[in-house]
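Below is one structure, written out as structure tokens, with a few remarks after it.
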Amino acid sequence: MKRKSLLLSMALLMGVTTACGGGGGSKTAGPDDKDTVTVWTYPVYGEYETELKDRVAKFQNEHPNITVQTEMLSWAEGPQKFDVALNAGNPPDLYFHSVDGTYVNTKLALDLTPYMTDEIKNDYLPGTLELGQIQGVQYGLPLYQFQWGWGGNKRILDEAGIDWKKIQSEGWTWSEFEAAAAKLTGKTADGAPQYALVTDGSSLDFIEMLSRNNGMPDVLDDGGKFQWNDQRILDTMSFIKGLLDSGYMPKETAALDPTKRTDMFYAGQAAIISKAIPYYDVMLATRNKDIDAGTVKGEKINFVYLPVPHNDNAPAKTTTGGEGYVAFKQKNDKGEQHAKNTFMVMEYLSDAEAGSASNQLALPFVRKSQAEAFAGKELGSETTLAAAEKMAANAEMPVTLKLDAALAAKQKQFKEQVVKPNMQALYSGEKTPEQIADDFKSKGSQSFGQ
Amino acid sequence: MQTTASPKRAPSGSGRFWREYGWAYLFILAPVLLFLVFTLYPVASAFVMSFQQYQVMGSTWIGFDNYKHMIGDDVFWKSIRNTVVFTIATVPVNILITFVLAYLIFQMKNKAQTFFKATLYLPAVASGVTISVVWLAIFDPTDSGLLNRFLGLLGIDPVIWLGQSSTALFSLILMNWLGSHGAGIILYLASMGGVPKSLYEAADIDHASGWTKFARITWPLLKPTTLYLLVTGIITSFQVFISVYLMTQGGPNFATTTIAYLIYQTAFQFYEFGLASAQSFVLALLIIIVSVLQFKAFSSDVEY
Amino acid sequence: MQSHPQARSRNMLLAVAGVLLLLWTILTIIPLYWMLVGSLQDSAASASFRPAMIPEALSLAPYERFFAKTAAWRWLFNSLLVSSVLTVTNVFFASLAGYAFAKLKFPGSNAIFWILLSTMMIPAQVTLIPLYILMVNTLQLQDTYTAIILPTAVSVGNIFLMKQYMSSLPTSLIHAARIDACGEFRIFWRVILPLAKPGLAVLAIFTFVASWNEFFWPFLITSSTDMRTIQVGLASFVFAESTDFGAMMAGATIGALPMMILFFSLQRYFLQGITIGAVKG
């Protein structure tokens, strides 16, 4: 009896099972055989989940033998889930992300070359297809080409008499920015300090965007040569140090997180936020409407999309990249037909109708068919779209697309373990620009052997 | 633990052996089986990984390279230092806080006991994200931060709590002190309730002082609970990750990088699973040594 | 007469203790209060919204939005199922094993216990990948309740807790039962378990709360909306362009509610059980 109850409990434990996940199709599958394509994606913009559902339903209608399983991940935890799955040899067939050398390194990223017809290739606008390539091999299809600039509060800029239209069309230099910053720094109406510029203490985009505008594409250039070891990086950091010392940026910068950074911008405590995308235009317009309707309290903010200032003797560069679906195979390869089906779903989710992504995010389109499909339906304000267009002309391609995976990984590690702590030390005043430049030089020569 | 170390040998024959011990093995059978498959196997795989350059499609054996690399890494040593500081600063203080709170509650009447037990345990139900949102508001570096406003009342200038090396780790320690002690309190109270009244009555007859009663009766009988809280406290504090991940991401300048956070970074930011495994086993070794020392220190007079 | 000043000073001490406890309670309860207050303030479509500590107007709109936009009932059901099964398996197996380690002297018990305990010291981050490979590639169990439950069906930490607890129970009763020629399982079932009720109640609460709050493993191993637990659902619950703080807090409150209910219902039983342990002497 005693034994029985023990066994019973164990059976109970083992018995709580429901449907099992199915295996893939066999290797000799034909084009009409049943197949399942898994897609892991993110809420790319407000309506994406709904739109994706409709499109998947349509696709399954047209291809009754293919089931598309989508999973909507959250931005915060999604990447980790994907990392575990990828490194366990079981990634989804399609994953929404920018292409990454580490993916290629696992040998599980699917080379799309055999499936790319001329028709597809020619549909992409110049310079966009490359955003889905690593060292010239196509692994992803970009859904949009993102760009990062700075964002301004129109009221504060106007009150200080800043000619932001001119900045949008011609760009600005570091000294011009410093002159403007002096006018933008002061007190808000309720007596709180008002800063010209706000950034957060842990993200690297601020230093990367500024150094890019001082002649350094990244820590490495696309030939793999170490860049951050000379006067240029020292100047960039001295420039930041100057902004902090003059009170143009908050002295608490080291301890600000991205949410707090946004808060300060929304509260009018900062005239300019150090990272903005054209989509803020749409987002802030919605917020303003909500304020009018009384559902949200706060000051209405009109958005001004600004280029990042460049050093007086260096060209202006816009930080950009591509995001879209990247295709994978599994360790337990499901065969050629499955790869074909995967690509078919991928192309379907990146086609003319998928131009909705660029449109919603107020970004330039990546495919001709998309530009045609959405002509006259653009969502962003004309000013912002024009500014984004101007900035796209100065686009600097991410160097990681050209670097081999091992070097790209080293650069990433250098940023996390050397650049990040040093930037925090700069913000908190624990280190001088000179000390940091020396540290970059010595640690860089260790990491990159130059 | 110690006293079971010398079990009687089964005198003769396996039948006798099983009659004597079979039940014990049967009792631990299910947990051990589950453990073999879902814990020991992954741990063993990770151990193998620590000698490899891990790759999904085929890892390469690199011997002790991961361990060598780790020993030469400044950040690794810094993370060990931070973890040890964090553990020394939190675990004893937490046990003291827990014990004092439980002891105070134990003096209360039934209804008050229920109230305090319940309310002090409740924070355990709030998710880590909720708690970190609140603490970020408390540590807000500007003048409007809760803690800085409080300091302002005392005429002290605002502090950039999480943003400078000198205060970041302390801020996390402070947050830990004020965190939930509900679980420990409930354990202590259960044990305190289990101490037979007759022992105290006997002590009263001998006119023992309050302190004598505490030192001779209460404390020894609470030792198993204290040992449990100590060991699990050290394990969790050596593995402290979530608060670092949500609050500081190891910064500034590695001031709050703990080993567990470094392992996470190595594995999931740099995809170096072999190196991360090596770091994990060094961490485990450290915890095991500390735990064994604790068992040794405590078990001399704990009844098993 | 003599006892009078003593009683008064004892009352004084109790009062001071009460005040101290009350202050500490207020301090630790703030996050929960914030969660509740945040869930009751309407904050639609504002990323930078932070609730006022003393709200001006209360609204249930965040709850309506939360339930309208999610499969919350299904998630709650999943969490309830998973946590209940885990509570039963953990309480049963951990107390059985804890009893064996604490009271039955058998060859190798020390070694086995230490092997079990030492694996607790390996951080989960590195065992994730092998465990995932085992569960998904080998056993093909992704997206099932079994996969969520199995790895923590009986946790080493709980065995440790039970071992510690059982070792404080009187050995004399077991001897007595053995002299009465009871089988070992019957001793466990009839003598030990009733004695250990307070410990079991504690273990049940801890296990339930821990499994209810467990996020990462269920998140990794489930993929369909219908299989998510409430914690995974909450994390995936991201509103259109900005995070809806109020609805998020409403979700967090809904997620915490079942645990509060469980805790308060076990609380009474748990208080009764304490006296049973006091037979030793």
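The values are calculated or read from the model by the stated rules, or taken from the named source; none is laboratory data. Since the model is a prediction, treat every value here as computed from it, not as a measurement. Neighbour counts are summed over all protein chains in view; Cβ atoms, including those assigned to glycine, are modelled from backbone coordinates with ideal geometry.
Couple of notes before you dig in:
- Qualifying residue in segment B:168-182 (condition: modelled with pLDDT of 80 or more and over 22 Å from B:LEU96 (Cα atoms)): yes
- Number of residues in segment B:33-57 that are part of a helix (DSSP H, G or I) and within 7 Å of another protein chain (Cβ to nearest Cβ) equals 10.
- Where A:PHE59 falls short, out of the listed (1) away from every other protein chain (no Cβ under 14 Å); (2) of a type in the set (A, V, I, L, M, F, W, C); (3) under 24 Å from the mean Cα position of the chain (by Cα): (3)
- Considering segment A:204-280, the qualifying helices (runs of 4 or more DSSP H), each wholly inside and each with 1 or more residues that are modelled with pLDDT under 90 and either touching a Cys at 6+ places or on another chain (Cβ under 9 Å) or buried (at least 20 other Cβ atoms within 10 Å of the Cβ) (or both), run over A:258-266.
- Test: residue in segment B:186-204 that is within 14 Å of chain A (Cβ to nearest Cβ) and acidic (Asp, Glu): no
- Scan segment C:159-179 for residues that are facing another protein chain (nearest Cβ under 9 Å) and either surrounded by 23 or more Cβ atoms within 10 Å (Cβ to Cβ) or acidic (Asp, Glu) (or both) and the total you get is 7.
- Segment C:180-216: number of residues that are in a loop (DSSP other than H, G, I, E, B), surrounded by fewer than 21 Cβ atoms within 10 Å (Cβ to Cβ) and away from chain A (no Cβ under 14 Å): 2
- Considering residues of segment A:186-203 that are surrounded by fewer than 21 Cβ atoms within 10 Å (Cβ to Cβ) and away from chain B (no Cβ under 14 Å) only, the residue modelled with the lowest pLDDT: A:ALA189
- Elements of the type helices (runs of 4 or more DSSP H) sitting completely within segment B:205-304 and holding at least 1 residues that are within 19 Å of C:GLN125 (Cα to Cα): these cover B:219-238, B:242-247, B:259-264, B:273-299.
- Yes/no for B:ILE71 being of a type in the set (A, V, I, L, M) and touching a strand residue (DSSP E or B) at 6+ places or on another chain (Cβ under 6 Å): no
- Check on A:THR319, within 20 Å of the chain's Cα centre (by Cα), modelled with pLDDT of 85 or more and farther than 30 Å from B:TRP161 by Cα: yes
- When segment B:248-270 is filtered for residues that are of a type in the set (Ser, Thr, Tyr) and crowded, with 24+ Cβ neighbours inside 10 Å, the ones remaining, listed by number, are B:THR248, B:THR256, B:THR257, B:THR258, B:TYR261, B:THR266.
- Each residue in segment C:102-118 was checked for being facing chain B (nearest Cβ under 7 Å) and either touching a residue at least 60 places away in the same chain (Cβ under 8 Å) or in contact with a Gly (Cβ under 8 Å, 6 or more places away or on another chain) (or both), and 2 pass.
Residues are listed down the side, and each one gets a yes or a no for (1) within 31 Å of the chain's Cα centre (by Cα); (2) closer than 28 Å to B:THR119 by Cβ; (3) at pLDDT below 80; (4) not aliphatic (A, V, I, L, M):
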{"site": "C:GLN2", "(1), (2), (3), (4)": "no, no, yes, yes"}
{"site": "C:LEU21", "(1), (2), (3), (4)": "yes, yes, no, no"}
{"site": "C:TRP34", "(1), (2), (3), (4)": "yes, yes, yes, yes"}
{"site": "C:ALA57", "(1), (2), (3), (4)": "no, yes, yes, no"}
{"site": "C:TYR63", "(1), (2), (3), (4)": "yes, yes, no, yes"}
{"site": "C:ARG74", "(1), (2), (3), (4)": "yes, no, no, yes"}
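- Per-region count, segment A:327-337, residues at pLDDT below 95 and either surrounded by 23 or more Cβ atoms within 10 Å (Cβ to Cβ) or of a type in the set (S, T, N, Q) (or both): 3
- Odd one out for A:LYS166, checked against (1) under 28 Å from the mean Cα position of the chain (by Cα); (2) without any contact (Cβ under 8 Å) to a residue 12 or more places away in the chain; (3) part of a loop (DSSP other than H, G, I, E, B): (3)
- A:GLY89 surrounded by 15 or more Cβ atoms within 10 Å (Cβ to Cβ), more than 21 Å from A:GLY335 (Cα to Cα) and facing chain C (nearest Cβ under 10 Å): no
- Looking across segment C:217-255, the residues that are modelled with pLDDT of 75 or more, assigned to a helix (DSSP H, G or I) and within 8 Å of another protein chain (Cβ to nearest Cβ) come down to C:PHE219, C:LEU220, C:GLN231, C:LEU234, C:MET249, C:ALA252, C:GLY255.
- Applying the criterion of being within 7 Å of chain C (Cβ to nearest Cβ) and surrounded by fewer than 21 Cβ atoms within 10 Å (Cβ to Cβ) to the residues of segment B:22-31, the residue that is modelled with the highest pLDDT is B:TYR25.
- Residue in segment C:115-133 that is surrounded by 22 or more Cβ atoms within 10 Å (Cβ to Cβ), farther than 24 Å from A:VAL84 by Cβ and under 18 Å from the mean Cα position of the chain (by Cα) present: no
- Each residue in segment A:59-108 was checked for being over 14 Å from B:PHE268 (Cα atoms), in a helix (DSSP H, G or I) and not aromatic (Phe, Trp, Tyr), and 6 pass.
- Test result for A:SER369, among the small types (Gly, Ala, Ser) and in contact with a strand residue (DSSP E or B) (Cβ under 8 Å, 6 or more places away or on another chain): no
- Only one entry in B:LEU146, B:LEU162, B:LEU229 is hydrophobic (A, V, I, L, M, F, W, C), crowded, with 21+ Cβ neighbours inside 10 Å, within 27 Å of B:ASN82 (Cα to Cα) and within 14 Å of chain A (Cβ to nearest Cβ), namely B:LEU162.
- Failed item in (1) surrounded by fewer than 18 Cβ atoms within 10 Å (Cβ to Cβ); (2) more than 22 Å from A:VAL399 (Cβ to Cβ); (3) in contact (Cβ under 8 Å) with a residue 60 or more places away in the chain, with A:LEU306 passing the rest: (1)
- Residues within segment C:257-273 that are at pLDDT 65 or above and under 13 Å from C:LYS197 (Cβ atoms), tallied: 1
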